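First comes the structure, then the notes that go with it.
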Amino acid sequence: MLQANMQLDAKGLACPMPVVKTKKAMTDLAEGQVLEVLATDKGSKADLAAWASSVGHQYIGTVEDEDILYHYIRKGNNEPEVEKAFEQTVALKDLDTRGGMILDVREAAEYAFGHINEAKSIPMGELESRLEELDKNEEIYVICRTGKRSDLAAQLLAKNGFTKVFNVLPGMNEWNGILTKEI
């Protein structure tokens with residue numbers, strides 16, 4: 001399936017146990033890491049999505065393989081939003097009118113469950129080691145889920161000599177266009 005930082009086996013458990021076990025497992029993950037939950041309870045899809053949203057985690061999606069549901073949840077944080085530091089921004093709604101490359105810095109699992117067509121995936125954790133894949137002369141529009149990781153990625157690019165960099169705000173959680181999926 002997709003790459004996750006930790007796997008939780010909740011097969012054979014009925015509501016509310018998949019959520020109870022998931023809640024406990026999330027405490028062992030760092031912010032931004034992905035938990036894969038294996039479950040057989042069909043109701044776990046709605047339960048885990050609702051729970052994740054209510055506590056500030058991101059429910060990435062579910063892959064069904066025969067009788068097993070593979071749920072992917074990215075750990076969020078409960079800290080207040082910090083003001084964005086990178087000054088060059090582009091509104092998400094204006095992205096389709098711009099030329100250049102869209103750089104998606106979300107994790108591979110997030111990208112696989114839906115991304116803008118032709119966006120290049122380089123997860124934030126890999127960006128510094130993969131800078132040579134990017135053209136310093138091309139406009140680069142950096143996007144993530146909310147604008148926080150893309151802000152950090154844009155700063156990293158600027159520190160490494162990229163001058164045509166823009167942070168896309170608010171991020172993929174507000175994208176209403178067509179999504180390409182690779183699952």
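The values are calculated or read from the model by the stated rules, or taken from the named source; none is laboratory data. This one's a predicted model, so the numbers in the text were calculated from it and none came from an experiment. Note that each Cβ is placed from the backbone with ideal geometry, even for glycine, and that neighbours are counted across all protein chains shown. The area values use the complete protein model at the heavy-atom level, side chains included, leaving out ligands, DNA and RNA. Shrake-Rupley method; radii C 1.70, N 1.55, O 1.52, S 1.80 Å.
Quick notes on this one:
- Histogrammed with a bin width of 10 Å, the alpha carbon distances of the range 89-174 distribute as 20, 59, 21, 0 percent, first bin at zero.
- Per-atom-type breakdown for the range 1-146 gives carbon and sulfur 45% of the accessible area (1.4 Å probe, protein chains only).
- On the principal axes of its alpha-carbon atoms, the range 6-74 has extents of 30, 20, 17 Å, going from largest to smallest.
- Going by accessible surface with a 1.4 Å probe and the largest first, 129, 44 read 129, 44.
- Around the amide H of residue 7, modelled in the peptide plane, lie the amide H atoms of 36, all under 5 Å away and 5 or more residues distant in sequence or on another chain.
- Angle in degrees between helix 148-159 and the longest Cα principal axis of the chain, rounded to the nearest 10: 30 degrees
- For the chain, the longest principal axis of the C-alpha atoms and the axis of helix 44-55 are separated by about 60°.
- Heavy-atom accessible area per residue - the chain, 1.4 Å, Å²: 54 Å²
- log₁₀ of I(q)/I(0) at q = 0.23, 0.24 Å⁻¹ - the range 51-135, Debye sum with one point per alpha carbon: -1.32, -1.33
- Plainly put, the chain has a radius of gyration that is 1.00 times its Kirkwood radius, both from alpha-carbon atoms, as the Rg/Rh ratio.
- Applied to the range 70-75, the Karplus parametrisation 6.51 cos²θ - 1.76 cosθ + 1.60 on θ = phi - 60° returns per-residue 3J(HN,Hα) values of 9, 9, 10, 10, 9, 6 Hz, with x for Gly and Pro.
- C-alpha center-to-center spacing [the range 139-183, the range 109-130] in angstrom: 9 Å
- Amide H within-cut-off set for residue 102, under 5 Å, with H built and near neighbours excluded: 120, 141
- Exposure of residue 178 as accessible area (Å², to 10), given a probe of 1.4 Å and all protein chains: 140 Å²
- 14 Å beta-carbon shell around residue 132, net charge (K/R +1, D/E -1): -2
- Across 70, 141, 59, the residue with the most accessible area heads the list, and the full order at a 1.4 Å probe is 59, 70, 141.
- Members of 11/148; 23/93; 23/120; 45/148; 23/181 lying beyond 30 Å, as alpha-carbon distances in this model show: 11/148; 23/93; 23/120
- Residue 171 long-range amide H proximity, modeled H, under 5 Å: 92
- Helix 17-26 axis, angle to the chain major axis (alpha carbon atoms, nearest 10°): 40 degrees
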